[in-house]
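To start, the structure under review is shown below, and the notes come after it.
The values are calculated or read from the model by the stated rules, or taken from the named source; none is laboratory data. Source: prediction; values computed, not measured. Counting neighbours? That spans all protein chains shown, and the Cβs are built from the backbone with ideal geometry, glycine included.
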Amino acid sequence: MTREEPAFKIKNANFPLFVVHIHTTDFDKLKIELEKRLTQTPDFFSNAPIVLGLAAIAESGRTPNFASLVTFMLGLGMRVAGVAGGSPEQCEAAVQAGLGLFPDTPTRPLPQVAPDLDEPTPQSIRPLQPELPGFETPTEKPATGIQTGKDSPVDDITPPQSNPPATEPLFRPTMVIDKPVRTGQRIYAEGADLVVLAIVNAGAELIADGDIHIYAPMRGRAIAGAHGNQTARIFVQRLEAELISIAGCFQVFENGIPENVRGKPAHVHLDGSRLIFQSLPG
């Protein structure tokens, strides 16, 4: 007798997810700054799921009009999936608006990955919608109220969060990619460093929870320390990137890449919340 397949299965899963941390109760101001920043990178989220971080306003006594905010953000390509860290009243209002509740967990230097209930989740090359700039990311850090800063159009966006950790942390070996990364591709080195030996084309995206090394021209987007590892670094043989991000602090090169590293070998790391670009010997 043939065993009938169940109509559904429930598994743990890690999906790209961004957290926008709200630091103001002036929600009109929030909308203005969101619109201003996202007009600079109109396809950045490309309908990626978003969590609203409410921890900073949990004690304010103010509750956002979630229906209005969700509709507004949808117009910017941001699909709000839920909230995290709010007061009981804020969470109740979010639920009434049809949003989910996410745990307000601290950022970890490296993720401890929960295994799939049925089978392990492999590192993979995941397809993107065309021209998706990602943490994501989602971006799993990785926005402190979408704040203005000289060094990055948007600070502190939290890329993809993972499910609760397993009892034993899982550290994966370095992922090595030896073929060109095409436009529209996303490569995610979950819990690992990423090494790319071929060109990364514009519109492609690299994400790693550790470091990223690119021994070829880099014309897409590189997101290192995706789960908040502020010691993560990015090394590029030829920097022509659209976006560089470490631990949620990122820079979009709408005004061009700095002259000292444009088209040259470069090393990128964090100094506080500021991205530092340094040239390397050619």
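Report, by residue number, each residue of the range 198-249 that is among the acidic types (D, E) and within 21 Å of G184 (Cα to Cα).
Of the range 198-249, the ones among the acidic types (D, E) are 205, 209, 211, 240, 242.
Correct list: E205, D209, E240, E242.
What about Q185, is it surrounded by fewer than 24 Cβ atoms within 10 Å (Cβ to Cβ), within 25 Å of R274 (Cβ to Cβ) and at pLDDT below 95?
Values: surrounded by fewer than 24 Cβ atoms within 10 Å (Cβ to Cβ): yes; within 25 Å of R274 (Cβ to Cβ): no; at pLDDT below 95: yes.
When the stated conditions are applied, Q185 does not pass them.
Being within 15 Å of R221 (Cα to Cα) and among the polar types (S, T, N, Q) is the filter here, so list the residues in the range 174-203 that pass it. Let's see the steps before the verdict.
Filtering the range 174-203 down to residues within 15 Å of R221 (Cα to Cα) leaves 180-189, 194-196, 198-203.
Once the filter is applied, which keeps residues that are within 15 Å of R221 (Cα to Cα) and among the polar types (S, T, N, Q), the range 174-203 yields T183, Q185, N201.
Run S245 past the list (1) surrounded by 24 or more Cβ atoms within 10 Å (Cβ to Cβ); (2) assigned to a loop (DSSP other than H, G, I, E, B); (3) touching a Lys or Arg at 6+ places or on another chain (Cβ under 8 Å) and report the number of the one that doesn't hold.
It fails just one condition, (2).
Inspect the range 10-28 for any residue being in a helix (DSSP H, G or I), within 21 Å of A247 (Cβ to Cβ) and modelled with pLDDT under 80 and give the result as yes or no. Give the steps one after another, and end with the answer.
We begin by selecting, within the range 10-28, every residue in a helix (DSSP H, G or I); these are 27-28.
Keeping just the survivors that are within 21 Å of A247 (Cβ to Cβ) gives none.
No: zero hits.
Exactly one of (1) at pLDDT 95 or above; (2) crowded, with 18+ Cβ neighbours inside 10 Å; (3) of a type outside the set (A, V, I, L, M, F, W, C) is unmet by Y215. Its number?
Failing condition for Y215: (2).
Can you work out which of the residues in the range 197-228 that are under 14 Å from P265 (Cα atoms) and part of a strand (DSSP E or B) is nearest to the chain's Cα centre (by Cα)?
The qualifying residue nearest to the chain's Cα centre (by Cα) is I212.
Under the condition of being on the phi > 0 side of the Ramachandran plot and in contact with an Asp or Glu (Cβ under 7 Å, 6 or more places away or on another chain), which residue from the range 228-282 is modelled with the lowest pLDDT?
Step one: of the range 228-282, the residues on the phi > 0 side of the Ramachandran plot are 228, 247-248, 256, 263, 272.
If we keep only those that are in contact with an Asp or Glu (Cβ under 7 Å, 6 or more places away or on another chain) as well, we get 248, 263.
Numbers: G248: 80, G263: 91.
Among those residues, the one meeting the criterion is G248.
What are the pairs with Cβ atoms under 7 angstrom where one residue, in the range 7-28, is more than 18 Å from F72 (Cα to Cα) and the other, located anywhere, is modelled with pLDDT of 85 or more and buried (at least 17 other Cβ atoms within 10 Å of the Cβ)? Sequence gap at least six, or different chains.
Close Cβ pairs (under 7 Å, with a partner that is modelled with pLDDT of 85 or more and buried (at least 17 other Cβ atoms within 10 Å of the Cβ)) amount to N14/E190; L17/V51.
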